[in-house]
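Below is one structure; the comments refer to it alone.
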Amino acid sequence: MCFALPGYNVFIGKSSLGKLPLFGYMFRNLYVSVDRKSSKSKYETVVQSMQKIDLGYNLAIFPEGTISKNHAPVLMEFKDGAFRIAIEKQVAIVPMTIVNNWLILPDDGKYVPRRRLMKTIIHEPIETTGLTMDDVDWLKNKTKEVINNEIKKHFPEKYNTITI
């Protein structure tokens, strides 16, 4: 993702990534981590994220919060945080689909990537200018629709057999 996006990107990720050998050191020192079980940590992540935007950084947020173990590549529900931040700061959401992320980075607790070519699609920005917190659900659903439609193009057989 760092190669695909211009500028400096700050990733938001679960705090357990900071415990990984080598990568963990980099993650703890360059990115924003969140303990998903802690309300205080979630709040601090929002504050830090807004500060990073003020400094001109891009935020890279995975709005599902995890990779589905049971229905990949079908998207799970998106969390509100990224969309609330974008509306608060009046910055565009740029949906990005990593088409085969679920094949490369399984969420099996082992954190061992599988060797595959990563296919990334950067979509048109979704502007937030003039949106309010009443529009969070619309923005979240619009973003999910863009990403979901791209995944469906690449894995139609998965969508024809999965019901949620």
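The values are calculated or read from the model by the stated rules, or taken from the named source; none is laboratory data. Since we're looking at a predicted model, the values are computed, not measured. We place every Cβ from the backbone using ideal geometry, glycine too, and count neighbours over all the protein chains shown.
When only residues in segment 59-100 that are β-branched (V, I, T) and farther than 18 Å from E150 by Cβ count, which is modelled with the lowest pLDDT?
Within segment 59-100, the subset β-branched (V, I, T) is 61, 66-67, 74, 85, 87, 91, 93-94, 97-99.
Now restrict to residues that are farther than 18 Å from E150 by Cβ: 66, 85, 87, 91.
Working: T66: 64, I85: 95, I87: 98, V91: 97.
Residue satisfying both the conditions and the ranking: T66.
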Would a scan of segment 101-120 turn up a residue that is basic (K, R), closer than 30 Å to P156 by Cα, at pLDDT below 85 and touching a strand residue (DSSP E or B) at 6+ places or on another chain (Cβ under 8 Å)? yes
With respect to D54, determine if the residue is out of contact with any Pro (no Cβ under 6 Å at 6 or more places or on another chain) and modelled with pLDDT of 85 or more. yes
